[in-house]
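Data first, discussion second: the structure below is written as structure tokens.
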Amino acid sequence: MMDVASRVFVAGAETPIGSAIVAALRRRGYTRVFGDDVSEAALTDPAAVDRSFRRVHPEYVFQAAGRSGGIALNQRDPADLMIHNLRVTLTVLDAARTHGVRKLLYIGSSCAYPKACPQPMRPDALMTGPLEWTSEYYATAKLTGIRLCQAYRRQYGAPFIAAIPANPFGPEDHFDDENSHVIAALIRRMHEAKASGAPTVAVWGSGAPRRDFLYADDLGDACVFVLRHYDGLDPINVGSGTDTSIAEVAQLVREVVGYAGRLEFDATRPDGMPLKLLDVAPLLALGWRPRVPLRDAIQFTYDAFLAVQPVLQ
């Protein structure tokens, strides 16, 4: 059982999800947490990762590395996203097997579910239909990571598990108008519109799609919980268990930011999947619950944006 003295390596510690896992570990008193000095670029290099593992001798590994972003980034850089995610996953998983780690948790993506997936989405629906076209290349890489964990378990008996998170967001997001995920993009767009006095803010798509949003602190805590308490061949979903429309979340962002203008939904932009709600019953049955309400989480994220906003200019 992983305890506070265990040596834990977080691959992708500088990513939003990885940093949330590091924070969750430290909140729980873990004192031997490594990986924040290993760049994303280094994680694509088998020799560099091997050196890091020889130095750290990790007992437990979280594979949270890999570039990600919103619909615009997925449409512009599909090859880069897919190649980078495949490389870091292959490198980290193979190093974990070679060095005999006691357990590894791979962080997947809800994009791996089919576009027409029955709701709420369950792991037995994976690979039963076509993926959503706006993210299919990134999704294919994340699905490959899930399947690779299963292959390592079957062939080598490697103690690898996978989790599929809901749409994560939080203070460590990249607040980029074009490339970031929806909440971070809306925060920046509305903040700048408020500052300039712009009468309208564009929201990509119709506003109708619904998503399961999960605050980073809850996601980090859930990942630590899952590594400690779950050990199955199938991936386990990590989410809030509730869904919110893009229009509803845009309104929440507007209230938090204090933007008084009008929201204009740009239907020429793609919506993505119409609904992504994860079936989190297995996780809840293990005893985990999210703690941060959505509006509070958006407020905390906006506060973090305000702290870094001058740097983003």
- Please tell me if residue 6 is over 19 Å from residue 94 (Cβ atoms), more than 17 Å from the chain's Cα centre (by Cα) and among the small types (Gly, Ala, Ser). yes
- Looking at (1) assigned to a loop (DSSP other than H, G, I, E, B); (2) of a type in the set (Ser, Thr, Tyr); (3) touching a residue at least 40 places away in the same chain (Cβ under 8 Å); (4) buried (at least 18 other Cβ atoms within 10 Å of the Cβ), which is the one condition that is false for residue 6? (4)
- Query: Taking region 280-294 as the region of interest, how many residues are exposed (fewer than 13 other Cβ atoms within 10 Å of the Cβ), touching a helix residue (DSSP H, G or I) at 6+ places or on another chain (Cβ under 8 Å) and under 25 Å from residue 246 (Cβ atoms)?
  - Reply: 1
- Scanning region 86-103 residue by residue, the ones that are over 24 Å from residue 133 (Cα atoms) and in contact with a Leu (Cβ under 7 Å, 6 or more places away or on another chain) total 5
- Task: Give region 295-307 a look and list any residue that's more than 14 Å from residue 239 (Cβ to Cβ), touching a residue at least 60 places away in the same chain (Cβ under 8 Å) and surrounded by 13 or more Cβ atoms within 10 Å (Cβ to Cβ), or say none.
- Result: 298, 300, 301, 302, 304, 305
- In region 105-133, residues that are surrounded by fewer than 21 Cβ atoms within 10 Å (Cβ to Cβ) and among the hydroxyl-bearing types (Ser, Thr, Tyr) total 1
- Are any residues in region 155-184 touching a residue at least 40 places away in the same chain (Cβ under 8 Å), out of contact with any strand residue (DSSP E or B) (no Cβ under 7 Å at 6 or more places or on another chain) and assigned to a helix (DSSP H, G or I), and if so, which ones? 156, 182
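Only the coordinates and a few stated rules stand behind these numbers; no lab work does. Here the structure is a predicted model, which is why all the values come from computation and not from measurement. Heads up, the Cβs are rebuilt from the backbone with ideal geometry, glycines too, and the neighbour counts pull from every protein chain shown.
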